[in-house]
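Working notes, structure below.
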Amino acid sequence: MIKWTMNLCYVHSFNHQRHYLLFKSQFLHCSKSIIFTHHSKIIAFSTAAQSCHFYSLPTSISYSKLLSQFTASKSLTPGKVIHAHLIRFGLSQDPKIRNLLINFYSKCQFFKYARKLVDESTEPDLVSWSALISGYSQNGFGKEAILAFQQMRFLGVMCNEFTFPSVLKACTVTRDLSLGKQVHGSVVVTGFENDEFVANSLVGLYAKCGDFRDSSRLFDAIPVRSVVSWNALLSCYVQSDLCAEAIGLFEDMILSGIRPNEFSLSCMINACTGLEDIGQGKKIHGYLIKLGFEFDLYSANALVDMYGKVGSLEEAIRVFEGITKPDIVSWNAVIASCVLREHHTLAVELFGKMNGSEIRPNMFTMSSALKACAAMCLQDLGRQLHTSLIKMDLGKDTFLGVGLVDMYSKCNLMTDAVSVFKLMPEKDLITWNAVITGYSQNGEDREAALVFPLMHKEGVGINQTTLSTVLKSAASLVADHFCRQIHALSVKSGFEFDNYVANSLIDTYGKCGHVQDAARVFKESPIVDLVAFTSMITGYSQDGQGEEALKLYLQMQDKGIKPDSFLCSSLLNACANLSAYEQGKQIHVHILKFGFMADVFAGNSLVNMYAKCGSIDDADRAFSEIPERGIVSWSAMIGGLAQHGHGKEALELFEKMRTNGVPPNHITLVSVLCACNHAGLVSEAERYFKSMENLFGIRPLQEHYACMIDLLGRAGKLDDAMKLVNTMPFQADPHAWGALLGAARIHKNIELGEKAAQMLFSLEPVNSGTHVLLANIYASTGMWDDVAKVRRFMKNNRLKKEPGISWIEVKDKVHTFIVGDKSHSRSNEIYTKLDELKHLLNKAGYVPMVEIDLHDVERSEKEQLLLYHSEKLAVAFGLIATPPGAPIRVKKNLRVCLDCHTALKYICKIVSREIIVRDINRFHHFKDGSCSCGDYW
């Protein structure tokens, strides 16, 4: 008996060891491939096995405990080992074990095995189906969950309070409200409508499918609403961007006596983020602290995100620093907040600290870091990030690829940007837009225009960003034909009335010189905002239609749209081109009213406007009020002084600019040479011209040569002027030959005049001004036959002399005059005034300069023609239409004639008025019988 017992114990021991060795062998075999990746899970497996006395008694209870643990941790491989042993020991057919396995595989998203277990079951029960449906639903496989539910119902298996929430969630995932309502019917029939979890799922279904009316009704019908019920509806409102309604619902929840939990508060923080309501956000933050949830990681992360997005970066950082163990979401939120608020240096610093911690960056972290590098042009760090992305196997991710293209573009590395673009396996619309934008931002507009057809050919579509960016490049290229093609495409694609695209079309047409097309788009746009008005007003201003620009501004004011500094600059430029001094002053008042005086663009435009409207004193005051004067500010003031004949003051200001450490550009030097030209400062001009390249690193351009040729010619150094033309490093343009022709007229040099005229005939054959100047040269020397030949040639070739036009602004209205004009409403008064002036002029010693008139008529008739020149008509009108003693400001489209210049010196003294005339070249200030130009113009 004792012997038999010992043998029995031996057999039991042998069998146990055999089972253990089999298990150990298979476990080791299965774990070879996971020895590193699942090391921690294997240790947990061994510990769990020992705690369950697994090695001594392999029962269904011990396996159940292990499966439950592996389901919770989603440890697929160790779970498979358990499944293998369950099959080996014949325990897999146990219904409870089978259901645990279905649940395990479902939770681990290994639905092939889960489904197989259900299908192999002779009679799968409700628990089996519930586990499968729940796994599908929780992992976003809504259609599969619904299909499983339909099969379950077909087999006659009824749902319970655990199955219904999973099925309803599947309907929510697929947005299948119709099926959801059928399930709702089943819920009512089976009597589960009052179950809290089922009721919450119904509330969520209707809300997320957009039926908030029924969702609220169901919510109100819940007999006992816990915080979970409230949270279900709150999250639906927030996810549907009904953030204000969510806040109201939260307040109702508080009033009903329900204590919010961390999920409620996190949901409300997200609502405050959507509303950009920092005040309400701080209240929710207060609730978190009061209820003891301030250390909840999920809530803290939501707070960091909220504060960052609503503009309180300091608060975001303070909350972040209070997190004991920030996770990847925490780091991403604070770094993204820094980038959003343009604190890029801090973003890079935080990124470095994160790398020094245990947290590894993910694609969202890298995206924020790339944006910071792009903003700061950190090429080296950007390349390092690119390398890291390749190591992380994210180098070809589309989202990060766009970030890399953007980063390289903003670092002026378009070659690298294009390389990244070409290596991307999938190029979507955003990717193509990034490349086109990169080219445009780097001034490579031709490349941007060439990439666009390739993009269109790929069939990825277009959006308003694409069209606006390409239109910007078309504007820079002044490619009007390309602009029209884009316009046609925008109409075809349905973007014609998109506000962004319409504004870009207005701007591009304006910059291409097609103001009428811009105006048509402007009038057809359903929404006309500040940007549209600015583009249209700028277009009118640049096209010389200053009056239209000012009229449009009045329309804008009627609509209640407030201007910005850029619009005011455009209006000032329009006033400058019109010499509309009074209207310019009104715009100045608006600049003061809206607080734009500190804006550099507005300040520069004020200087330019006052200078071109004849008030150099006002220009000087505006210049002195500019807080930070750049090269544009200095150049505008120097150019203004030059135009007004204050040559020495202009040169003094130029030297002051250099003393202040502001280097000149080629425009500044043109103004300096013009100042020397108008003041006859030949030696100073020669010194600056010869030292341009050595002192300032600027090679003389056509404009600089034209200034020098004009200056030398006016000074009588005709040989030097001709020598400069012959030694120019490029072919002389019409400006240079025009300067020589003007010098020939002043000095009555027929030979030089004819040579210059011949060159101009070949360069500008339809320019009537050349023929007129040549005729003037002939007339000044009494060569009337040659004058007649020139006039006959012009008549035969239908070349009309450009009529002299003068205009004057009185009471915000511009009055225009041409020679002998009698169309003005006050013509009788004007001519009566002229007759009065003629009598006073004769008494003062004025003698009409009839020799400058090319008409072959009697002297008396020539005198009459001279008296009715446009500038004299404008001055006469000014005398009768403006208060006594007020300055008279006249603008003329041509050079002021010699007779008018002489007459105005007499008139200003007779009437005791300052007369300011702006001709095509400069300003003439007539005062006390003399002109500011010193008769040198």
Exercise for review: With respect to Phe623, determine if the residue is part of a helix (DSSP H, G or I) and farther than 27 Å from Gly595 by Cα.
Suggested key: no
Point to revise | Residue identified as in contact (Cβ under 8 Å) with a residue 40 or more places away in the chain and either within 16 Å of Tyr581 (Cα to Cα) or in contact with a Gly (Cβ under 6 Å, 6 or more places away or on another chain) (or both) among Gly878, Gly934 | key: Gly878
Review point. Outside any helix (DSSP H, G or I), of a type in the set (A, V, I, L, M) and surrounded by fewer than 23 Cβ atoms within 10 Å (Cβ to Cβ): does that describe Val188?
Key: no
Check your understanding: Any idea which residue in the stretch 505-535 is surrounded by the fewest Cβ atoms within 10 Å (Cβ to Cβ), counting only those that are more than 15 Å from Glu548 (Cβ to Cβ) and of a type in the set (Ser, Thr, Tyr)?
Key -> Ser525
Exercise for review: State all residues of the stretch 220-230 that are assigned to a helix (DSSP H, G or I), surrounded by fewer than 23 Cβ atoms within 10 Å (Cβ to Cβ) and in contact (Cβ under 8 Å) with a residue 12 or more places away in the chain; if no residue qualifies, say none.
Suggested key: Ala221, Val227, Val228, Ser229
Exercise for review: State the number of residues belonging to the stretch 905-920 that are in contact with a helix residue (DSSP H, G or I) (Cβ under 7 Å, 6 or more places away or on another chain), surrounded by fewer than 23 Cβ atoms within 10 Å (Cβ to Cβ) and among the aliphatic types (A, V, I, L, M).
Suggested key: 2
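When only residues in the stretch 598-611 that are under 29 Å from the mean Cα position of the chain (by Cα) and among the aliphatic types (A, V, I, L, M) count, which is most open to solvent (accessible area, probe 1.4 Å)? Don't jump to the end; show me each part of the working.
Here is the first cut: in the stretch 598-611, the residues under 29 Å from the mean Cα position of the chain (by Cα) are 598-609.
Going one step further and asking which of them are among the aliphatic types (A, V, I, L, M), we end up with 598, 600, 602, 606-607, 609.
Working: Ala598: 74, Val600: 52, Ala602: 1, Leu606: 1, Val607: 0, Met609: 0 Å².
My answer is Ala598.
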**Study point:** When residues of the stretch 670-686 are limited to those that are of a type in the set (A, V, I, L, M), part of a helix (DSSP H, G or I) and surrounded by fewer than 24 Cβ atoms within 10 Å (Cβ to Cβ), the one modelled with the lowest pLDDT
**Key:** Ala679
Point to revise | Residue among Gly595, Gly614 that is open to solvent by 10 Å² or more (accessible area, probe 1.4 Å), on the phi > 0 side of the Ramachandran plot and out of contact with any His (no Cβ under 7 Å at 6 or more places or on another chain) | key: Gly595
Review point. Got a number for residues in the stretch 548-592 being part of a helix (DSSP H, G or I), surrounded by fewer than 18 Cβ atoms within 10 Å (Cβ to Cβ) and among the acidic types (Asp, Glu)?
Key: 2
Review point. Has the stretch 398-418 got any residue that is open to solvent by 70 Å² or more (accessible area, probe 1.4 Å), in contact with a helix residue (DSSP H, G or I) (Cβ under 6 Å, 6 or more places away or on another chain) and at negative phi?
Key: yes
Exercise for review: Would you mind stating whether Leu477 is open to solvent by less than 30 Å² (accessible area, probe 1.4 Å) and among the aliphatic types (A, V, I, L, M)?
Suggested key: no
Review point. Would a scan of the stretch 705-721 turn up a residue that is touching a residue at least 24 places away in the same chain (Cβ under 8 Å), in contact with a helix residue (DSSP H, G or I) (Cβ under 6 Å, 6 or more places away or on another chain), outside any helix (DSSP H, G or I) and among the β-branched types (Val, Ile, Thr)?
Key: no
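Mind listing whichever residues of the stretch 788-802 are open to solvent by 50 Å² or more (accessible area, probe 1.4 Å) and either touching a residue at least 24 places away in the same chain (Cβ under 8 Å) or touching a Ser or Thr at 6+ places or on another chain (Cβ under 6 Å) (or both)? Before the answer, list the steps.
Restricting attention to the stretch 788-802, the residues satisfying the condition of being open to solvent by 50 Å² or more (accessible area, probe 1.4 Å) are 789, 791-793, 795-798, 800-802.
Within the stretch 788-802, Arg791, Lys800, Lys801, Glu802 meet the criteria.
Return the total of residues in the stretch 741-787 being basic (Lys, Arg) and surrounded by 15 or more Cβ atoms within 10 Å (Cβ to Cβ). Steps first, please.
Kept after step one, since they are basic (Lys, Arg), are these residues of the stretch 741-787: 745, 748, 755.
Okay, now just the ones that are also surrounded by 15 or more Cβ atoms within 10 Å (Cβ to Cβ), so 745, 755.
Final tally of qualifying residues: 2.
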Point to revise | Restricting the stretch 825-877 to residues that are at pLDDT 90 or above and of a type in the set (Ser, Thr, Tyr), the residue that is surrounded by the most Cβ atoms within 10 Å (Cβ to Cβ) | key: Ser870
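For (1) modelled with pLDDT under 85; (2) of a type in the set (A, V, I, L, M, F, W, C); (3) in contact with a Leu (Cβ under 9 Å, 6 or more places away or on another chain); (4) surrounded by 15 or more Cβ atoms within 10 Å (Cβ to Cβ), each residue gets a yes or a no:
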site: Ser51; (1), (2), (3), (4): yes, no, no, no
site: Tyr105; (1), (2), (3), (4): yes, no, yes, yes
site: Phe110; (1), (2), (3), (4): yes, yes, yes, yes
site: Glu123; (1), (2), (3), (4): yes, no, yes, no
site: Ser128; (1), (2), (3), (4): no, no, yes, yes
site: Ile133; (1), (2), (3), (4): no, yes, no, yes
site: Lys143; (1), (2), (3), (4): no, no, no, no
site: Leu147; (1), (2), (3), (4): no, yes, no, no
site: Leu155; (1), (2), (3), (4): yes, yes, no, no
**Study point:** Within the stretch 632-666, tally of residues that are touching a residue at least 24 places away in the same chain (Cβ under 8 Å), exposed (fewer than 15 other Cβ atoms within 10 Å of the Cβ) and not in a loop (DSSP other than H, G, I, E, B)
**Key:** 1
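Right, Asp241: at positive phi, open to solvent by 20 Å² or more (accessible area, probe 1.4 Å) and acidic (Asp, Glu) or not?
Numbers: at positive phi: yes; open to solvent by 20 Å² or more (accessible area, probe 1.4 Å): yes; acidic (Asp, Glu): yes.
When the stated conditions are applied, Asp241 passes them.
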Check your understanding: Looking at Gly274, Gly191, which one is more than 20 Å from Asp296 (Cα to Cα), among the small types (Gly, Ala, Ser) and over 34 Å from the mean Cα position of the chain (by Cα)?
Key -> Gly191
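The values are calculated or read from the model by the stated rules, or taken from the named source; none is laboratory data. Since the structure is predicted, the reported quantities are computational estimates derived from the model, not experimental observations. Neighbour counts run over all protein chains shown; Cβ positions are idealised from the backbone, glycine included. The protein model used for the area step is the full one, side chains on, heavy atoms only, and it has no ligands, DNA or RNA in it. Shrake-Rupley method; radii C 1.70, N 1.55, O 1.52, S 1.80 Å.
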